[in-house]
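Shown next, in structure tokens, is the structure this report addresses.
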Amino acid sequence: MKMSKLVSAKDMLAKAAAGKYAVAQININNLEWTKAAVITANELRSPIILGVSEGAGKYMTGFKTVAAMTSTMLEELGITVPVALHLDHGTYEGAKKCIESGFSSVMFDGSHYPIDENVEKTKELVAICNAKGLSIEAEVGSIGGEEDGVIGAGECADPDECKRIADLGVTMLAAGIGNIHGAYPADWKGLSFETLAAVKEKVGNMPLVLHGGTGIPDEMIKHAISLGVAKINVNTECQWAFQKATRAYIEAGKDLEGKGFDPRKLLAPGYEAIKATVKEKLEMFGSVGKA
Ligand code: 13P
């Protein structure tokens with residue numbers, strides 16, 4: 001039961017792929033976000049992956065701060081479910097920095113490179129991660145929209161290219177299947193299950209990653225999981241939940257009552273709203289009770 005150290009995402013994803021559920025990657029921005037995610041996962045006995053974009057890492061003063069804060073927090077809180085600290089959409093240099101800074105997992109997003117270069121760079125990072133027992137995610141195709149400066153056209157992945165990257169021994173593979181970071185436009189055509197099935201056919205048991213988890217209808221999420229998705233990333237939805245709850249607190253004038261200006265009080269509704277969002281995602285992805 002004792003497990004307050006950060007772990008690689010390898011085991012939790014292999015179990016999720018075999019058990020037909022998905023592990024949530026919740027992107028974090030600060031201490032409140034991190035605490036909300038790990039406490040909720042622990043309460044629900046679910047594994048969890050904390051995603052950190054390069055922008056969020058910089059905001060939190062650097063990857064070493066993030067790794068130290070997170071690993072110490074797990075210990076101080078006595079968290080006993082598996083928690084992985086994962087770089088989201090990393091550059092080659094960013095991935096190397098996270099590996100040296102105490103992250104337990106990295107994503108190298110080489111999807112904007114020509115495929116040979118993506119293969120080459122992914123291969124180098126796989127060797128480093130394997131030697132250190134860290135998990136690694138790679139990407140083929142691209143995720144539409146924008147996240148912390150990472151912009152993608154949203155093209156669907158080529159299944160043969162996915163196989164080339166999967167064969168390098170990555171832990172998990174993000175394949176673009178019409179998914180988008182942030183809000184989905186009203187005329188969105190939905191996920192391309194045809195692409196997902198074709199990718200799955202080529203990569204076998206490789207756990208697949210669905211980015212852009214915000215705003216995907218539940219039935220599409222469930223169908224994607226049945227076709228091999230074992231990790232789903234959620235970022236914007238927690239930001240919206242935090243923003244709405246904080247706005248309501250201030251609009252109700254609560255910050256002006258008594259000691260309502262105390263940052264611990266001011267941030268509490270947003271924190272609770274993130275917890276509720278994380279709970280909803282863990283339940284929908286089917287990872288509750290799997291730790
Ligand atoms: P959303 O912001 O759309 O939830 O996407 C999160 C994500 O894919 C992180 O990489």
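The values are calculated or read from the model by the stated rules, or taken from the named source; none is laboratory data. Keep in mind that this is a model prediction, so the values were computed, not measured. Neighbour counts run over all protein chains shown; Cβ positions are idealised from the backbone, glycine included.
What pairs can you find where one residue is in region 234-247 and over 21 Å from V23 (Cα atoms), the other is more than 9 Å from the ligand (Cβ to nearest atom), and their Cβ atoms are less than 6 Å apart, with a gap of 6+ or different chains?
If the second residue must be more than 9 Å from the ligand (Cβ to nearest atom), the pairs left are F242/G270; F242/A273; F242/I274; A245/P269; A245/G270; A245/A273; T246/G270.
Would you check if L227 is buried (at least 24 other Cβ atoms within 10 Å of the Cβ) and closer than 29 Å to I165 by Cα? Give the steps one after another, and end with the answer.
Working: buried (at least 24 other Cβ atoms within 10 Å of the Cβ): no; closer than 29 Å to I165 by Cα: yes.
Answer is no for this residue.
Filter region 230-262 down to the residues that are more than 16 Å from the ligand (Cβ to nearest atom), of a type in the set (G, A, S) and surrounded by 13 or more Cβ atoms within 10 Å (Cβ to Cβ) and list them by number.
Start the filter on region 230-262 by keeping residues that are more than 16 Å from the ligand (Cβ to nearest atom), which leaves 245-262.
Retained after the next criterion (residues that are of a type in the set (G, A, S)): 245, 248, 252-253, 258, 260.
Correct list: A245, A248, G260.
Matching residues to (1) among the polar types (S, T, N, Q); (2) more than 22 Å from I26 (Cβ to Cβ); (3) touching a residue at least 24 places away in the same chain (Cβ under 8 Å):
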| site | (1), (2), (3) |
| --- | --- |
| H89 | no, no, yes |
| S101 | yes, no, yes |
| L125 | no, yes, yes |
| S135 | yes, no, yes |
| I143 | no, no, yes |
| R164 | no, yes, yes |
| V170 | no, no, yes |
| A174 | no, no, yes |
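Which of the numbered conditions does M107 fail, given that it passes all the others? Conditions: (1) surrounded by 23 or more Cβ atoms within 10 Å (Cβ to Cβ); (2) out of contact with any helix residue (DSSP H, G or I) (no Cβ under 8 Å at 6 or more places or on another chain); (3) at pLDDT 95 or above; (4) among the aliphatic types (A, V, I, L, M).
Of everything listed in (1) surrounded by 23 or more Cβ atoms within 10 Å (Cβ to Cβ); (2) out of contact with any helix residue (DSSP H, G or I) (no Cβ under 8 Å at 6 or more places or on another chain); (3) at pLDDT 95 or above; (4) among the aliphatic types (A, V, I, L, M), M107 misses just condition (2).
Quick check: is even one residue across region 109-120 away from the ligand (no atom under 16 Å from the Cβ), farther than 20 Å from G204 by Cα and not in a helix (DSSP H, G or I)?
Yes.
From the list G169, G204, G190, exactly one residue is over 17 Å from A230 (Cα atoms) and not aromatic (F, W, Y). Which is it?
G190
To keep it simple, each residue is scored yes or no on (1) out of contact with any strand residue (DSSP E or B) (no Cβ under 8 Å at 6 or more places or on another chain); (2) within 22 Å of G169 (Cα to Cα).
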site	(1), (2)
S4	yes, no
K10	no, yes
V23	no, yes
N27	no, no
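Mind telling me which of the residues A67, A41, A17, A37 ends up being part of a helix (DSSP H, G or I), more than 16 Å from the ligand (Cβ to nearest atom) and crowded, with 24+ Cβ neighbours inside 10 Å?
That would be A41, the only listed residue that is part of a helix (DSSP H, G or I), more than 16 Å from the ligand (Cβ to nearest atom) and crowded, with 24+ Cβ neighbours inside 10 Å.
If we keep just the residues of region 92-104 that are in contact with a helix residue (DSSP H, G or I) (Cβ under 7 Å, 6 or more places away or on another chain) and surrounded by fewer than 22 Cβ atoms within 10 Å (Cβ to Cβ), which is nearest to A175 (Cα to Cα)?
Result: Y92.
Could you please tell me which pairs satisfy a Cβ distance under 8 Å, a separation of 6+ or placement on different chains, a first residue in region 181-194 that is of a type outside the set (A, V, I, L, M, F, W, C), and a second residue that is surrounded by fewer than 14 Cβ atoms within 10 Å (Cβ to Cβ)?
Qualifying pairs under 8 Å: H181/E146; G182/E146.
What residue, among those in region 216-227 that are over 17 Å from the mean Cα position of the chain (by Cα) and within 16 Å of the ligand (Cβ to nearest atom), is nearest to V140 (Cα to Cα)?
Selected residue: M220.
Which residues, taken from region 169-194, are in contact with a Gly (Cβ under 7 Å, 6 or more places away or on another chain) and hydroxyl-bearing (S, T, Y)?
Y184, S192
Please work out which residue is nearest to the chain's Cα centre (by Cα), limiting yourself to region 76-94 and to residues that are part of a loop (DSSP other than H, G, I, E, B) and of a type in the set (S, T, Y).
In this case the residue turns out to be T91.
In region 20-33, what residues are crowded, with 18+ Cβ neighbours inside 10 Å, more than 16 Å from the ligand (Cβ to nearest atom) and assigned to a helix (DSSP H, G or I)?
E32
Suppose we filter region 178-215 for residues that are surrounded by fewer than 21 Cβ atoms within 10 Å (Cβ to Cβ), within 15 Å of the ligand (Cβ to nearest atom) and among the aliphatic types (A, V, I, L, M); how many remain?
The qualifying residues number 1.
Of the conditions (1) more than 17 Å from the chain's Cα centre (by Cα); (2) over 15 Å from G110 (Cα atoms); (3) within 16 Å of the ligand (Cβ to nearest atom), G145 fails just one. Which one is it?
(1)
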